[in-house]
Amino acid sequence: MREKVVITSKNVEFLDKVSEMSGQPITRCDQCGVCSGSCPMVDEMDITPSQMMRKVQLGQEEVLGTRAMWLCASCFTCTVRCPRGLDLSKVAEALRQITLRKAVDHIDIRKIPDHEMKKLPQIALISSFRKFTG
Amino acid sequence: MKIPYYPGCTLKTNAKNLETSTLEVAKTLDVELIELPRWNCCGTVYSLTSDDLIHHVAPIRNLIRVQEMNDSGLVKDENRLVTVCSMCYNTLKRSNLRVKENPEDLDKINDFMYLEEDYKGNVEVIHFLKLLQDMGFDKVEEKVRKPLSELKIAPYYGCMLLRPKEVGIDDPEDPTIQKELLEALGAEVIDNPYKKVCCGSYQTVHEKDAVSNLGYKILSQAQKEGAEAITTSCPLCAFNLDNRQKEVKQQHPEFQHIPVFYFTQLIAIAFGVEKKYCRFDLNYIDPETLLKKKKLLQE
Amino acid sequence: MKRIGVYVCHCGGNISEVVDVKEVASFAEKLPDVVMVKDYTTMCSEVGQKMVADDIKEHKLDRVVIAACSPQFQGVTFMRTVENADLSPYVLEMANIREQCAWPHYDFPKDATKKAKDLTNMAVAKARLDESLKKIMMPIGKRVLIIGGGIAGIQASLDLGDAGFEVYLVEKEPSIGGKMKQLSRTFPTEDCASCILSPKMADVPMNPNIHLYTYTEIKNIEGFLGNYEVTIEKKPTYVDPAKCTCCDKCVDVCPVVVPNEHDQGLTSRRAIYLPNSIAVPHSYVLDDEACLGLFPLACSKCRDVCEPGAIDYDLYPEEKKFTVDTIIVSTGYEIFDATQKAVYGFGKYENVITALDLERMIVYAAEGNPLKNLGERIAFIQCVGSRDEQVGNEYCSRICCMYATKLASLLKHPHPERDIYVFYTDLRAYGKGFEEYYKRAQNSGIKFIRGRVAEVFEDSRTKKLTLKVEDTLTRQIIESEFDTVVLSVGLRPNGGTEKIADMLKLAKSPDGFLQEAHPKFRPVDTLKDGIFLAGAVQGPKDIPDTVAQASAASARATRLMNQGEYALDPVMAFVHEDRCDPAKCGSACIEGCPLGAISVNGVAKLNEAVCKGCGSCIASCPADALDLHVYTNAQLLSEVESVMQDKKKDETRFLIFADDTTAYRLSDNVGTAKMSYSVNSRIVRVPSCGRITPKLMLQSFKAGADGILFGESEEKSSPFPHVISTINSNIAKVKETLKQKKVEEERIRFVQFVTVMLVGFVNNVNDLADFIKKAGPIPDKERKALI
C-alpha cells in the first residue's frame, strides 16, 4: 500500500520547531543535492541529507526515527557548499537534540569495549558523548 | 615573543607528541608558548543549536584566562591565544565569534560565571599554522638544519581547520597552507584531492567501519599520488588515520601502512631538534623507519 | 483666495480596508481653502481622471490634492490629467496614504487613519503654496552614443542609423561582434552564430550614419540630456585598413606568440593578428603590449615584409571629442570566473573546461580540426557561479540550461556513441521552441540528471574526472568517471561596465547588473534621462531578448530625439533677488553648488540647464535668498507644521525626510512588501535631503517633531554629487544647537539607503521610534527655546 503524505498545521509546528532550534530557514532548501554529494558519511545513511531536509520541510516527524542525523560527523562540508546558504549541520544537531533532550541517549557508554576505551583519545569520547547523549 | 597557549586535554595524554614537538618548534623560533593557567576542557565540539548557551561557558572561560594572563603580567598586551589541536581551535574560535556577534549572549554568560571576571570579547583565537604563516614561512626556512628533501608528504587538513568559512584558516576546497610550510622545510608535497575530506571524527567510537572506509579512501588516494607520509594537526584525525589503519588493513588486505605525522613533528625533525621531543612512541604506525631511510634520523 | 479640491482614493480596497476614507474626507472638508472634497474607489481610472478634469472646471479649482498611492507611482498620470484641464501640472499634490500609510500600518487602522489625515493636511498645506509653474523646454538633437559593439550595440546602431540618427558606436575590442562571434551555434534552432551575425556586422560600417570606433575606450562623459560631451581614446592598430590586403605575411614572420583571446586561450596568435575571420573592421591589429617593441632595433619584421606598406609604428592613441544627445549602454557580459569554484577544479584539471571553451572547440571540430579529444563520457555541470550564495551570485543566469542542452546536442549528433550527462537543479526551458528543443535532446539519448554536482576529483594518472552528485529524484549517490567535464558558467557584467556606470552615475541592481528604471514598464530606460540600456548589461539574457532590447532602446531614444525638444523639470533653485547682497556674504553660494550652477553678477544667477534641483546651495546662503521651486522654504515649513498638528500630550511623532531618488522609493517598496514600521512616522518627500537647512530642522522640532530621520541615496548612486557632505554639515550644526539646548542629539539621524534595503529601512525607523518613545516627547519649554 503506498503511503500518502498528509500535510496539516501540525506538520508546520515540527518544521517551525526545527527551524528555530537550528536557526535555519529550512523552507529555503530547493533540494539541489549538493549536501548529499558532499557528505563523507552518506554511504552509511538510510536517507540522504537532502532527503532529511525534505522530510523536515514537509513536517514529517518520522524523520526522527531515521539514522542519517546520527551518522553526521559535523564536518561542515555541506555548510560551506550549500548554494542557498543553509547550515545543515545545525539542522542535524537540532534533530538530534529533540530526541536527546527527552533523556533518550543514542549511545550507551557502557557498551564501549575496554580495549577501545584504552586507546580512544579523549576528544573522540567527549565529542561523541556531546553529540549522542542528553 | 610570549603568547598564551591552550593545549587541550588530548595533548596532555594520547597526543603528547603533538605538544612536545610544537613547544620545541616554537622555542626554536623564539616563540615562548605559555600554557594558560587553570585552563579547562573546551568541550571539543561547538554546540550548534541556537538556544544552547551553557556549552559555550567552558570555551569562554578559557578566554577569560587569557585576559588574566595579561593582567598578571605573564604576557604583555597579547590578546592572541594559540592552539594546535584543530578541534579545540574550531570550538574556541566559534564560541568567541558567537559571543562577539551577540552581546546579549555574552552578558548572560558573564552573569552566569559571576565568580569570574567578565569576558570583554577582545581575545583572538589563532591556530599555530596561522601563527607560522603570519611570521613568514621564510623565517621557518631559516631554522631548517635538515631539509626534508626526498620525503614525499601529502598534507591532510580534515574539517576543523577549514570549515565553516568564518573560522577556516585557508580555502576550504583547495587549502595550501601546509604545502607552503612543508615546501619551506624542503619536502616534496603531494597534492591529495581528499586532503579536506572528513576522517569520520567522533563516529570512530561507534561506526568504526565507516571511519576505516574513509581512512582507506583518504590514505590510499594519497599513496596513489605517491605520498610516503601524511601530516595532520588534529589528534582525532591522527587517531582515525593512524591507529585505525589496523581496521583498514583488516577490511582491505592490499592496503599498505603509511606513517601519519603531526606537522610539528616534521618541523622538529627539519629543525634538527632532539628526537625525544617528537615522542614517536605515541605514533601508531612506525614513522621512524621511513625517516631513517631518508637519512632524517640517526640509526 | 485658493480653491483646493481634495480626493481621497479607496484604491479598490487597498487603502479603504485600513484607512477610514470617509473620515479622512470629512477631515479635509474642514481645512482652510478646501472648496471641494470627494472620495472614490479608483482615482487613476479613466472615470476617476475624468471626474478630476470635470471638477476643475465646475468648481473652478486652482489646486488639486489626491490622497492615494505614491506620487512616484501615479504622480505623472495625475499631473497629466491636471495639465489637460489647463492647470499647471505643478499645482497637483499627492498624499501618499497607500505605500506609506495603509500598507505598512495595516495592523493599526485607527492610527493609520489619523496618519492619513495628517498626510492629507500636509499635502493641502503644500498645495496652498504651489506655484503655477511651466516646464522649461530644451533643444535635443539627433546624435546618439552607443557604448559596446556586441549584438545589442550592433542592432541598436543599425536601427538608429537607418532611422536617420547620427550614431557613434564605440567598442573596446579591435572588432565588433561581442561574445556572439565566439559561439558555435545558437539555441533552439542550431543556426550558425557567425553566419547570422556576420552580415549584421558588415552592415555597420556600410551605414553612412554610423561612426564606428573600435579598439576605442570612453575616457570621459559629462553633461546632460541633449548635451553629453564625450571624450574617447582610440588605440592605434598600427595597420592601415585601407592599405592592408590581409595577405597574412606579417603573421608568418612575427616572433611573438601569445594566447588567442578569441579562442579563450586554447589557440595562440601572434602580436600582429587578424582578430577573427568575420572581424569588422576587417583589418590586422598589432598588439603593442605583446609586441617586442615598435622600433627597428627591437624587431620590425612585420613592417619589413608588408608589401602595401600598411604598417606604421609611428602612431599614438588618438583622443576625440564629440557631443551627443542620448546614450545607449550595451557593454554586455563576461563569463563567471570558474576558478572561484575551486571544488570543480577548473584551472587545475586539464579536462575541466567552460562552456565558452567548448563553443570554440566545437567550431574547430566542425571544420575537421579538433582542438582537443573530448572522449566519450562528457558531463555538464549546471549553475556554476549562478544561484550560489557561496560565491555571492544569487541570481539565475537564464541561458545556461539552454546552452548546455545545445552543446550536449552538438556533441551527441556527430558522435552518437558518446555518453553525455547534464547535471541540473532545474531545467529552465522557458522560451519559444525551448521545451521542444529540450525534448529532442532527451530523445537523442542525452541523460539529464537532477542533482547539483558536489565535487570533482581528478585521477592524476589518467586525468579523467570523477563526479560526486546525488540524483535527487532517486536519492542515489552517483560517483562516476568522465573524460571531460563542462562547467556551465553563469554571466557577470562585463568588466568595463563598472567604469561606465560610475562615469554616468548609473544605479546597479542587487545582482550587480545595471538597473532599469522600472522592472515592468521601463525595462530599457535608466533613471537618467536619455541614457538607455540594451542587452546583457541589464541582466543575463539570450540573443532574441538582446536584439529585442536593442531595438526597444533605439525606439526609446528615437522617441526622445524625434521631438526636437524636451521639458526640464522645474524643480530648480531660484534667487530671492531682494534679499541677495553679495557684498555682505562673500558669495558663499558659488561654492555651495556642487555642480557649479551658480554664478554671481550683481546678484546670484542660476544656470538652469545645469541645476538639478538638489537644494544644497540653500543652506549656504546666510540671507535666506536661495530657494527651490516646487519645494520652497515656505512650503516645507508649512508641510512640517501641518503634519504635526493636533498632537496629543504624550504622543510622539517624528519626521522622515526622504529623498526622491532612493529613500522615498525605498519607503514605497517597504509598504508594497507590506512590512510594517512605527506608525508615528511622517514621511516628507524632498528632491534631496541637502535641501533641508539647519533652520528648517530646528523649525521642525519647534513645530512638534520629536525626532528627524534623513534618508538619502548613497553617494555613489546619488544623482547629486557631494550632497552627503552638505547634509552632514547641516546636521552637525543642528546637533550643536540641540546639545546646547539640552535636547538629545540622537533625535536627529542620517542614513544612506539603497532602494532594496527594506529591512534596513524598517530597522532604522523603528530604532528612532523606540528611542523617542523611551526619551519621551521633547518638553515644551526646550522645544520653544530651540529657535
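Points worth noting:
- Amide hydrogen proximity for C:ILE328: with H placed 1.01 Å from N in the peptide plane, the residues at 5 or more positions away or on another chain lying under 5 Å are C:LEU145, C:ILE146, C:ILE147, C:PHE532.
- Counting only Cβ charges, +1 for Lys and Arg and -1 for Asp and Glu, the dipole size of the range C:572-618 around its Cα centre is about 80 debye.
- Counting only protein heavy atoms and using a 1.4 Å probe, the accessible area of C:MET36 comes to about 10 Å².
- The range C:66-87 versus the range C:165-191: alpha-carbon centroid distance in Å: 43 Å
- Taking every alpha-carbon pair in chain B and binning the separations at 5 Å intervals from zero gives 1, 5, 12, 16, 18, 16, 13, 9, 6, 3, 1, 0 percent.
- Total buried accessible area between A and B, probe 1.4 Å, nearest 100: 3700 Å².
- Solvent exposure ordering (accessible area, 1.4 Å, most first) of C:ASP111, C:ASP627: C:ASP111, C:ASP627
- Accessible surface of chain C, 1.4 Å probe, proportion on carbon and sulfur as whole %: 50 percent
- Shown is the FRET efficiency for C:GLU479 and C:ASP107, computed with R0 = 56 Å from the Cβ-Cβ distance and rounded to the nearest 0.05: 0.60.
- The length gained by stretching the chain between C:ASP502 and C:VAL253 to full extension, at 0.36 nm per residue less their Cα-Cα distance, is 85.4 nm.
- On the basis of the beta-carbon distance and an R0 of 30 Å, C:PHE73 and C:GLU745 show a calculated FRET efficiency of 0.25.
- Degrees between helix C:758-775 axis and first principal axis of chain C (Cα, 0 to 90, nearest 10): 30 degrees
- Modelled spin labels at A:ILE109 and C:ALA163, positioned 7 Å past Cα toward Cβ, are 8.1 nm from each other.
- Per residue accessible area in Å² of the range C:249-315, where ligands, DNA and RNA are left out and the probe is 1.4 Å: 51 Å²
- Chain A - Cys residues lacking any other Cys C-beta under 4.7 Å: A:CYS29, A:CYS32, A:CYS39, A:CYS72, A:CYS82
- In degrees, nearest ten, helix A:122-132 long axis to first principal axis of chain A (Cα): 30 degrees
- For the residues B:GLU207, C:GLU608, B:GLU247, C:GLU394, a 1.4 Å probe over the protein chains yields an accessible-area ranking, largest first, of C:GLU394, C:GLU608, B:GLU207, B:GLU247.
- Chain C packed on chain B takes about 900 Å² of accessible surface away from a 1.4 Å probe, both sides summed.
- For the range C:32-62 and the range B:80-154, distance of Cα centres in Å: 71 Å
- Simple rule: put +1 on each Lys or Arg Cβ and -1 on each Asp or Glu Cβ in the range C:334-492, find the dipole, and look at C:VAL469, C:TYR421, C:VAL456; the Cα lying farthest toward the positive end is C:TYR421.
- For the pair the range B:24-67 and the range C:96-154, the centres of their Cα atoms are 57 angstrom apart.
- When the residues C:MET180, C:MET675 are ordered by accessible surface, computed with a 1.4 Å probe over the protein chains alone, the sequence from largest down reads C:MET675, C:MET180.
- Sequence-separation-based contact order of chain C, relative, with Cα cut under 8 Å and 6+ spacing, percent: 11 percent
- Buried accessible area, chains C and A (both chains, 1.4 Å probe, Å² to nearest 100): 1600 Å²
- The range C:572-618: relative contact order as a whole-number percent, Cα under 8 Å and 6+ apart: 45 percent
- Shape category assigned to the protein assembly as shown from the gyration tensor of Cα positions, a/c cut at 1.5: oblate
- Less than 5 angstrom separates the built amide H of B:LEU81 from those of B:GLU124, B:VAL125, B:ILE126, all sequence-distant by 5 or more or on a different chain.
- Charge dipole (debye, nearest 20) of the range C:1-135; +1 at Cβ of Lys and Arg, -1 at Cβ of Asp and Glu: 280 debye
- Sequentially through the range C:33-41, phi angles give Karplus couplings (6.51, -1.76, 1.60; θ = phi - 60°) of 6, 8, 9, 8, 10, 9, 10, 7, 5 Hz, Gly and Pro residues having no value and appearing as x.
- Applying 1/(1 + (r/R0)^6) with r as the Cβ-Cβ distance of C:LEU371 and B:ASP171 and R0 = 35 angstrom yields a FRET efficiency of 0.70.
- Between C:ALA242 and A:ASP46, the distance separating the two model label sites (each 7 Å from Cα on the Cα→Cβ line) works out to 8.4 nm.
- In chain B the longest region clear of trypsin sites (Lys or Arg not before Pro) that are loop-assigned by DSSP and have at most 10 other C-beta atoms within 10 Å covers B:146-299.
- For GluC sites (Glu not before Pro), the sites in the range C:513-597 that DSSP calls loop and that have at most 16 other Cβ atoms within 10 Å are C:GLU577.
- Whole-angstrom Cα spans of the range A:1-49 along principal axes, big to small: 37, 34, 18
- Per DSSP, loop GluC sites (Glu not before Pro) in the range C:163-193 with at most 16 further Cβ within 10 Å: C:GLU190
- Amide H to amide H distances under 5 Å link C:ILE656 with C:ARG682, C:ILE683, C:VAL684, C:LEU709, where only residues 5 or more positions off or on other chains count and H is placed in the peptide plane.
- Karplus-derived 3J(HN,Hα) values for the range B:106-114, using 6.51 cos²θ - 1.76 cosθ + 1.60 with θ = phi - 60°, are 4, 4, 4, 5, 4, 4, 4, 8, 5 Hz; glycine and proline are entered as x.
- Full-stretch length increase - C:GLU307, C:THR466 - with 0.36 nm per residue and alpha-carbon distance subtracted: 51.8 nm
- Cβ-based charge dipole, chain B, positive-most Cα from B:LEU53, B:VAL211, B:TYR5: B:VAL211
- Degrees, to the nearest 10: B:54-72 long Cα axis against longest axis of chain B: 80 degrees
- Applying both filters, DSSP loop and at most 16 other Cβ atoms within 10 Å, to the trypsin sites (Lys or Arg not before Pro) of the range C:277-380 gives C:LYS348, C:LYS372.
- Rounded to whole Hz, the Karplus (6.51, -1.76, 1.60) HN-Hα couplings of the range A:26-41, x for glycine and proline: 4, 5, 7, 5, 9, 6, 7, x, 4, 4, 5, x, 8, 6, x, 9
- The dipole here belongs to the range C:334-492: it is taken about the Cα centre, uses +1 on the Cβ of Lys and Arg and -1 on the Cβ of Asp and Glu, and is about 300 debye.
The values are calculated or read from the model by the stated rules, or taken from the named source; none is laboratory data. Values in this document were obtained by computation on a predicted structure and should not be read as measured data. Positions of Cβ are generated from backbone atoms using ideal geometry, with glycine treated the same way; all protein chains shown enter the neighbour counts. Accessible surface areas use protein heavy atoms only, side chains included; no ligands, DNA or RNA. Shrake-Rupley method; radii C 1.70, N 1.55, O 1.52, S 1.80 Å.
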